[in-house]
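So the structure is just underneath, and the comments pick up after that.
The values are calculated or read from the model by the stated rules, or taken from the named source; none is laboratory data. These numbers come from a predicted model, not from an experiment. So basically every Cβ, Gly included, is an ideal-geometry build from the backbone, and we count neighbours across all protein chains shown.
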Amino acid sequence: MSTMTRVLLIDDHRSFRDAVGYLIDGQSDMRVAGSAGSLAEALPFLDETDVALVDLGLDHENGLDVVKEISTRRRGQTSIVVLTASRRQIDFALAVANGAAGMLHKSVNIDDILATIRRLASGEAILSPAEMVELLRLAGQQRTRDWEAQGRISQLTKRELAVLEALSQGLSDKSIADQLNISHETVRSHMVNILGKLGVDSRLQAVLFAVRNGVVSVEPGPVK
């Protein structure tokens, strides 16, 4: 890395980027290489970046995908620090598995951000080997669960997916039957198949499973 550490800020809130960027540019040993609200905006700055600060909660794209893309493109030439409002350890684990060197909560003091940038610029590891192994283990477990979940979802027919979508809208069996132009008995038959294929015990669990895995979105209203 160069003597002057070049920092790329990727966050969908310009006010946050401007505030952090102002403080970074005020340091004698670092400067802002670029400021972007998305991966597309960040790409022109990547080749001139030593440390990238990436927000996980981007509006229109998954921050984890951004981390992975930067890591793949730069192959160790750019250290990535994830900034997030999340406190879930699994988010940290998945970020590290995708190539992040460390993670900071957005509530941290700016001095902590500057200190982290300096540590990475000097070649210091943010995580111990034991911490890295544990986070990669957690990420592996999550990915296995995601793979298994997608396998279950792939067993659902188009009609069963339609019933599940209707169920997520809080519709009763009668309303689902009317909406899909099928009989009440057919709705119940589909529900039995859905519960069996997803490996859950109730309709509510089926909806939660589907929402958690991005199959449906929940509309206001009770599940009947």
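Is there a residue being within 23 Å of R143 (Cα to Cα), among the polar types (S, T, N, Q), touching a residue at least 40 places away in the same chain (Cβ under 8 Å) and surrounded by fewer than 16 Cβ atoms within 10 Å (Cβ to Cβ) anywhere in region 79-92?
Yes; the residues of region 79-92 include at least one that is within 23 Å of R143 (Cα to Cα), among the polar types (S, T, N, Q), touching a residue at least 40 places away in the same chain (Cβ under 8 Å) and surrounded by fewer than 16 Cβ atoms within 10 Å (Cβ to Cβ).
Inside region 29-62, can you point out the residues that are among the polar types (S, T, N, Q) and either buried (at least 21 other Cβ atoms within 10 Å of the Cβ) or modelled with pLDDT of 95 or more (or both)?
Result: S35, T49.
Does S128 meet the test of being within 24 Å of the chain's Cα centre (by Cα) and of a type in the set (S, T, Y)?
Here the answer is yes, as S128 does meet what is asked.
Just to be sure I understand the filter: pairs with C-beta atoms under 8 Å, separated by 6 or more residues or on different chains, first member in region 148-166 and modelled with pLDDT under 90, second member not in a helix (DSSP H, G or I). Which pairs pass?
As it stands, the answer is A149/N213; Q150/N213, since those pairs meet every condition given.
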